[in-house]
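For reference, the structure is listed below as structure tokens.
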Amino acid sequence: MALKPRILIVEDESGIADTLQYVLATDGFAPVWASTAEDAIAQFTAERPALAVLDVGLPDMNGFELFRRLQALPGGNQVPMLFLTARSDEIDRVVGLELGADDYIAKPFSPRELVARVRTILRRSARQAAESTTPPTAPPTPAMPAIAVWALDEERHQIRFYGKALELSRYEYGVLRLLVQKPGRVFTRDELLLKVWGDANDSFDRTVDAHIKTLRAKLKLIAPGLEPIRTLRGSGYALSEELPATPA
Ligand code: CA
């Protein structure tokens, strides 16, 4: 039998930590609990977990700072991390700061939902690890002329807008890539969640909206007067087909 994946739970509320440990253990994981950031760093250093669940509100350090500290440890950037947040402004920070965390769960949450998320993230990171070891087969995409409104370079995970390379987080890239490939086509939130995040869950509509918001802000820096991503009320998002040849 395969070794049980070790899941580090960093949570100062013992009630929540107990529940999480119980559901994770029931589901075939090996949970370890740290009630403080200091303890979490010690546990992480002692044995690198398969995944870490970080509460944002910890007594000795906030979860964002802890995330950065863990990422800086040897192999830390290969461990998927999931934030537990109690407030919506924390969710905005998770997305807005583009920490590169793999996901978040808003409190109160259902323990089953958390286990499902943990499974999805571990599946996804296993897939990505497998992909990154596959040698590239196709030659690099030739550079598109600078005047192209959009230029997608899938090899480099890069998108240019009016010739300017966008600095995108993983999920922003995933969303914009889909839109750019099919201008005018409407993507629903569920569809984007499924295709970019790997699962569809109604309670995470906010994730899509928050990423569209940060994407729009980045596009605005290049073309302040344009609205390249259209919102279709009640249905979803689409890339505008009516962009001028130059941004000004
Ligand atoms: Ca807390």
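Taken together, the values in this text are just the output of simple stated rules run on the coordinates, not laboratory data. Here the structure is a predicted model, which is why all the values come from computation and not from measurement. Don't worry about glycine lacking a Cβ; one is built from the backbone with ideal geometry, like all the others, and counts go over all protein chains shown.
Here are some notes:
- Paramagnetic reach from THR19 in region 107-133 [backbone N under 18 Å; point 7 Å along Cα→Cβ]: 107-119
- Long pairs among LYS107/LYS220; LYS182/LYS220; LYS182/LYS218, criterion Cα-Cα beyond 28 Å: LYS107/LYS220
- Global form of region 150-239, assessed from the alpha-carbon gyration tensor, a/c cut-off 1.5: prolate
- Here the dipole of region 6-133 is about 560 debye; that uses its Cα centre as origin and unit charges on the Cβ of Lys and Arg (positive) and Asp and Glu (negative).
- Ordered from longest to shortest, the equivalent ellipsoid semi-axes for region 6-133 are 19, 17, 16 Å, each the square root of 5 times a Cα gyration tensor eigenvalue.
- Region 1-50 shape via C-alpha gyration tensor axes, a/c threshold 1.5: oblate
- Candidate lysines for bridging to LYS4, where Cα separation is under 21 Å - those fewer than 8 sequence places away on the same chain excluded: none
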